[in-house]
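Asker: Below: one structure in structure tokens.
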Amino acid sequence: MRLTVLGCAGSFPGPESPCSAYLVEAEDFRLLVDFGPGSLSTLQRYAGLHAPDAILLTHLHCDHILDATSYVVVRRYAPDGPYPPLPVYAPAGAPERLATAYGQEESTVEDVYQFYALQPGTFPIGPFTVTVDRVLHPVETYGVRLEHAGRVLCYSSDTAPCEALVRLAQNADAFLCEASYLDGVDNPPDLHLTGREAGEAAAKANVGRLLLTHLVAAWGSEAHTVASAAGAYTGPLEVVRPGASYDI
Ligand SMILES: [Zn+2]
């Protein structure tokens, strides 16, 4: 499978990146995982306006979903006619949240999206075997394990350290893991990971490589985060960038 990063800025768009959005492809099927602000732009740059065959939203924080509202226009008002509903796997409440964000009274986005409510478990999306489980974040949030042809990609979504994260990432070939916080400062509990905590989860899960994401450029230090992660995980690691692609 191939991972293409469309956006990786943590919490709000950064000077160099939209918010979270990742395109995962296999067998000509493209799954968009999260659809944060700004990523509709990079979707067109790196893949195509109509590239996604399905969308998975890991949780309903605005920095992970808001371009799914802009995308309503793309599909509903296309010059060649409306596109058929696109499957969207998301926490319960997504239809109402996206309709509200879209902003028309009594509006629905269910002409554009066919929603499937996430719950912990394993199920297919296209050619992928997808396992999701609840991770530790203030709203209903799912970490994701994607398997295809014997290869495994795990995505942390947003989470504090938790056992579910290590289970999902176990022996993954690539672990796309958030590292929002700096080590050595007083961070709020049960919300996000530091670089060291991301490295510790990667080491416990015995992953093949660690791809750090969701850094908050304005508040953090990339060098500090990388050094902290490398202190806990000795395998290959890097911070992802928009447009970066990985064959997994
Ligand atoms: Zn979040």
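Asker: Please verify whether the range 192-204 includes one or more residues that are touching a residue at least 60 places away in the same chain (Cβ under 8 Å), among the acidic types (Asp, Glu) and within 16 Å of the ligand (Cβ to nearest atom).
Answerer: No: the range 192-204 contains no residue that is touching a residue at least 60 places away in the same chain (Cβ under 8 Å), among the acidic types (Asp, Glu) and within 16 Å of the ligand (Cβ to nearest atom).
Asker: Can you pull out every residue in the range 147-175 that is assigned to a strand (DSSP E or B), surrounded by fewer than 24 Cβ atoms within 10 Å (Cβ to Cβ) and in contact (Cβ under 8 Å) with a residue 60 or more places away in the chain?
Answerer: Correct list: His148, Arg151, Val152, Ala174.
Asker: A further question on this structure: At least 1 residues that are touching a helix residue (DSSP H, G or I) at 6+ places or on another chain (Cβ under 7 Å) and touching a residue at least 24 places away in the same chain (Cβ under 8 Å) in each: list the strands (runs of 3 or more DSSP E) lying fully within the range 1-48 that qualify.
Answerer: 2-7, 21-26
Asker: Here is a follow-up. Can you name every residue in the range 144-160 that is closer than 21 Å to Gly10 by Cβ and either within 12 Å of the ligand (Cβ to nearest atom) or over 17 Å from the mean Cα position of the chain (by Cα) (or both)?
Answerer: Listed by number, the residues that qualify are Ser156, Ser157, Asp158, Thr159, Ala160.
Asker: Say we look at the range 109-142 and pick out the residues that are within 16 Å of the ligand (Cβ to nearest atom) and among the aliphatic types (A, V, I, L, M); which of these is surrounded by the fewest Cβ atoms within 10 Å (Cβ to Cβ)?
Answerer: Filtering first and then ranking leaves Val139.
The numbers here are math on the coordinates, done by the rules we state, and not lab data. What you see is a predicted model; the values in this text were computed from it and never measured. Counting neighbours? That spans all protein chains shown, and the Cβs are built from the backbone with ideal geometry, glycine included.
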